[in-house]
1. How many residues are at pLDDT 95 or above and away from the ligand (no atom under 13 Å from the Cβ) if we restrict to the stretch 129-142?
2. List every residue pair whose Cβ atoms lie under 6 Å apart, where the two residues are 6 or more positions apart in sequence or sit on different chains, the first residue falls within the stretch 88-99 and is without any contact (Cβ under 8 Å) to a residue 12 or more places away in the chain and at positive phi, and the second residue, located anywhere, is in a loop (DSSP other than H, G, I, E, B) and near the ligand (Cβ under 8 Å from one of its atoms).
3. Would you call GLN192 farther than 21 Å from PRO129 by Cα, within 14 Å of the ligand (Cβ to nearest atom), in the same structural domain as ARG135 (by TED's automatic domain parsing) and not hydrophobic (A, V, I, L, M, F, W, C)?
4. For the stretch 98-150, what are the residues that are over 27 Å from ASP200 (Cβ atoms), of a type in the set (Gly, Ala, Ser) and part of a strand (DSSP E or B)?
5. Just to verify a result, which residue in the stretch 54-95, among those that are within 15 Å of the ligand (Cβ to nearest atom) and in a helix (DSSP H, G or I), is modelled with the lowest pLDDT?
6. What residue, among those in the stretch 181-238 that are part of a strand (DSSP E or B) and small (Gly, Ala, Ser), is surrounded by the fewest Cβ atoms within 10 Å (Cβ to Cβ)?
7. Which members of the stretch 156-179 meet the condition of being of a type outside the set (D, E, K, R), crowded, with 19+ Cβ neighbours inside 10 Å and within 11 Å of the ligand (Cβ to nearest atom)?
8. Let me spell it out: the conditions are (1) over 25 Å from ASP141 (Cβ atoms); (2) within 11 Å of the ligand (Cβ to nearest atom), and LEU207 meets all of them except one. Which number is the exception?
Amino acid sequence: ERIGRFRADDTLPLYLQLQGLIRDAIQAGIAPRGSGIPAERDLAVEYNISRITVRKAIEGLVEEGLLVRRRGAGTFVAGRVDKVFSKLSSFTEDMAARGRVASSRWVSRTTGPVTPEEAMALGLSPGTPVLRFTRIRLADDEPMALEFSTVVGDGLGSTDDVGESLYEALDRAGNRPVRALQRLRAVPIRAQHARMLEIDTGDPVLLIERRGSMRDGRVVEFTRSYYRGDSYDFVAEL
Ligand code: 16G
């Protein structure tokens, strides 16, 4: 009963109304971070609506990143909700919001001078040192993306600073990007990349290039990710 009631004069579809009520409750702190939300069937009875309607509302909130599903345990208010609409999320957080466990298979960590392409993307002059990270990103142990990240040399102390999450390491160094320019494009996967993603050569993948920058406009990362076309949905709240 703390979630609120439908308004009689509201003409939105019921699932969007319920989504709004739960969103308001979360943002007002009524449903604290980490707390469980009532079972689908209880909400359906409570609001006198179908379980399908409840499920659609919950799915919408999971996509917004406000709720997370934990397999076998239920649905919970996400750990970080304050900046959900503006938050620049990492792969690790993106997967957690979808109720999946992120992990990585490391391919390489190197340092060296920027390539001309990276220099353009990062706005650096030739010869500037950068750190590079290549990882296969997994969701529940399934390859989901192949990721090539380049970080400006002063963004991190060393390549060893990155454990599971690049953004966590950048955050600790006070250099986590807060804004990004992203470019998305569908491409057929090349043979050597296909193998790492466990798909066939030529299968469609979503290539996402992110240029992440700090509040003051300095670009800290340029990452090129190849997401498997058969298992990744790009979702944006606009
Ligand atoms: C996401 C970002 C990528 C970032 C990475 C950090 C997209 C398209 N790209 O994959 O730019 O480097 O997250 O993830 O979302 P991590 O902190 O889990 O290593």
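1. Residues that pass the stated criteria total 2.
2. Taking only residues 6 or more apart or on different chains, not a single pair turns up.
3. no
4. Listed by number, the list holds a single entry, GLY112.
5. Of everything passing the filter in the stretch 54-95, GLU63 is modelled with the lowest pLDDT.
6. ALA186
7. VAL162, LEU166, TYR167, ALA169, LEU170, PRO177, listed by residue number.
8. Just one mismatch for LEU207, condition (1).
The values are calculated or read from the model by the stated rules, or taken from the named source; none is laboratory data. Only a predicted model underlies this, so the values are computations on that prediction, with no experimental measurement involved. Reconstructed Cβ throughout: ideal geometry from the backbone, glycine too, with neighbour counts over all protein chains shown.
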